[in-house]
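Please read the structure below before turning to the comments.
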Amino acid sequence: MNRLTGTLLVVVAGFVAGVCSAEDAPSPATVKLYDTYCVQCHGVNRDGNGLNSGDMAVKPRDHTDSKAMGDTPDDQLFKAIKNGGLSVNKSVLMPTWGGVLTDEQIRDLVKYLRFVSKTKSS
Amino acid sequence: MKHLRARITLLLGTMLLLPALAAAASGEEILQSQCASCHALAKPSDASLDRLWTRKGPDLWYAGVKFNKDWLVQWLQAPTVIRPAGVMYRKAVKAAGGGAPDVIDASQVPAHMKLGAADAAAAADALLALGTDAGLVQKGAFKQDPPNVAMASLLFNKLRGCSSCHAAKAGGPPHSGPELYSAGARLQPDYVVEYIRDPQKFDPHIWMPKLELTDADIQKLTGFLMTLKQAGAQ
C-alpha cells in the first residue's frame with residue numbers, strides 16, 4: 001500500500017511538474033517577438049547589452065536581473081512596453097510599442113520577462 | 001524627293017527612338033535579373049513577421065517614392081553600408097560577453113553587388129517608377145519649413161531617442177536601424193515624413209517603433225535629416 005501511494009505521488013508530482021513547466025516555457029512566437037523588437041537594445045543574452053546599447057545615455061534594463069525585475073510589477077512592465085519608458089518615469093529611450101504590438105502580445109512578453117528573469121508574476 | 005525626305009526623317013526618328021526604348025526595357029530587365037532575387041519589386045502578399053526574418057533585402061516596391069535618383073545612380077555603382085547589421089539585424093548580432101554591447105558577425109552581412117554606369121542609370125529609372133501610385137506618400141507631406149538644426153538635432157539625439165538606433169554621423173558604432181547620415185542625399189523628404197509617422201505602413205512588423213510624435217516634431221526631424229548628406233562607408 002505504501003509503495004502504491006509512493007508511486008502515485010511520483011506520478012502526480014511528475015504530472016504537476018510537466019504542466020507547470022509547459023506553462024512557464026515561452027512560446028516560440030513570443031521569443032520571436034522579443035528577438036525582433038527587444039534584442040536590438042536589450043541584447044542577445046537579454047542582459048541589456050544590445051547592439052544599440054553602447055552609446056545610450058541610460059542603459060537598457062537587464063532582463064536577467066532577478067532583483068530589479070522582481071521589484072517591478074506586471075502592470076508596470078506592461079505599461080513600459082506599451083506606452084514607453086516615460087509612462088513609468090523611466091527613460092524616453094524605451095519607446096512606445098503599443099502601435100506595433102497588440103495588448104495580448106505585450107502580455108505574453110511580460111510573462112516571458114518573468115521566465116527570463118526567473119521572477120514571479122506580481 | 002518628298003518621299004525620300006520623309007523616309008530619311010522616319011529613319012532618323014527610328015534611330016533616335018530605338019536606343020531610348022532599349023534602355024527603358026533594359027532597366028526593368030536589370031531589376032528582374034539582378035535585384036528580384038533579394039528585393040520585392042511588387043507589394044508582397046505575405047505581410048507576416050516571418051517574412052521580415054526570411055527576406056534577403058529591403059523591399060523596393062515603393063522605391064519610386066523613397067529614393068532620390070542621383071543618389072541611386074551613384075550608390076548602385078559604389079554601394080555603401082546602409083544597414084550595418086544587414087536587412088534583419090537579429091540574424092547578424094551575437095553576444096560579445098563581458099558586459100560589452102552585442103557585435104555584428106560580418107559573415108552574415110553580404111556586400112551588395114555593383115552595376116556599371118549605364119546599367120545603374122537604367123535601373124534607377126526603373127526603380128523610380130515603382131510604387132508611385134500605391135498611395136503611401138502624400139505629395140507635400142514635408143512642409144519645407146527651414147529647420148532649426150540645433151533644436152532638431154537635440155530632438156533626434158536626445159529628446160525622441162532616434163539616435164539609439166540610427167547613426168546621424170559617419171564612423172560611429174553600428175546600430176540596428178539604417179544609417180541616416182546620408183538621408184538627405186538618399187531619401188525623398190515626403191517619404192521620411194510618412195515613414196516616421198507610420199513605419200509599419202511601409203514595412204509590416206518592422207522593428208522601428210511608431211512613436212507618438214506631433215506633426216511639428218516630424219517636420220523638424222525630417223528637416224534635420226534632409227541636412228545630412230555625408231558619404232557612407234564602402
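Every number in this text was worked out from the coordinates using simple rules, so none of it is lab data. Predicted model only: the values in this text are computed from it and were never measured. Ideal geometry is used to build each Cβ from the backbone, glycine not excepted, and the neighbour counts take in all protein chains shown.
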Of these, B:Pro84, B:Pro79, which one is part of a loop (DSSP other than H, G, I, E, B) and within 13 Å of chain A (Cβ to nearest Cβ)? B:Pro84
Residue count for the range B:78-99, restricted to those that are hydrophobic (A, V, I, L, M, F, W, C) and more than 20 Å from the chain's Cα centre (by Cα): 4
Kindly check whether there is at least one residue in the range B:110-133 that is among the acidic types (Asp, Glu) and either under 30 Å from A:His42 (Cβ atoms) or within 14 Å of chain A (Cβ to nearest Cβ) (or both). no
Give me the pairs, please: first residue somewhere in the range B:211-224 and of a type in the set (Val, Ile, Thr), second residue anywhere and part of a helix (DSSP H, G or I), beta-carbon distance under 8 Å, and either six or more positions apart or on two chains. B:Ile218/B:Val193; B:Ile218/B:Ile196; B:Ile218/B:Arg197; B:Thr222/B:Pro189; B:Thr222/B:Val192; B:Thr222/B:Val193; B:Thr222/B:Ile196
Taking into account only those residues within the range A:43-62 that are charged (D, E, K, R) and touching a Lys or Arg at 6+ places or on another chain (Cβ under 9 Å), which is farthest from the other protein chains (Cβ to nearest Cβ)? A:Arg61
Members of the range B:92-109 found to be within 13 Å of another protein chain (Cβ to nearest Cβ) and not in a loop (DSSP other than H, G, I, E, B), listed by number: B:Val93, B:Lys94, B:Val103, B:Ile104, B:Gln108
Select the helices (runs of 4 or more DSSP H) contained entirely in the range A:63-122, then report the ones holding at least 3 residues which are within 12 Å of another protein chain (Cβ to nearest Cβ) and under 26 Å from B:His205 (Cβ atoms). A:74-83
Name every residue in the range B:191-212 that is at the interface with another protein chain (Cβ under 10 Å from one of its Cβ atoms), within 23 Å of B:Asp145 (Cβ to Cβ) and of a type in the set (A, V, I, L, M, F, W, C), in order of residue number. B:Leu211
Taking the range B:130-166 and keeping residues within 20 Å of the chain's Cα centre (by Cα), in contact (Cβ under 8 Å) with a residue 24 or more places away in the chain and either within 27 Å of B:Lys94 (Cβ to Cβ) or part of a helix (DSSP H, G or I) (or both) leaves B:Phe156, B:Cys162, B:Cys165
Filter the range B:50-73 down to the residues that are part of a helix (DSSP H, G or I), out of contact with any Gly (no Cβ under 8 Å at 6 or more places or on another chain) and farther than 27 Å from B:Ala92 by Cα and list them by number. B:Lys69, B:Asp70, B:Val73
Just to be sure, is B:Gly161 within 8 Å of another protein chain (Cβ to nearest Cβ), buried (at least 18 other Cβ atoms within 10 Å of the Cβ) and not β-branched (Val, Ile, Thr)? yes
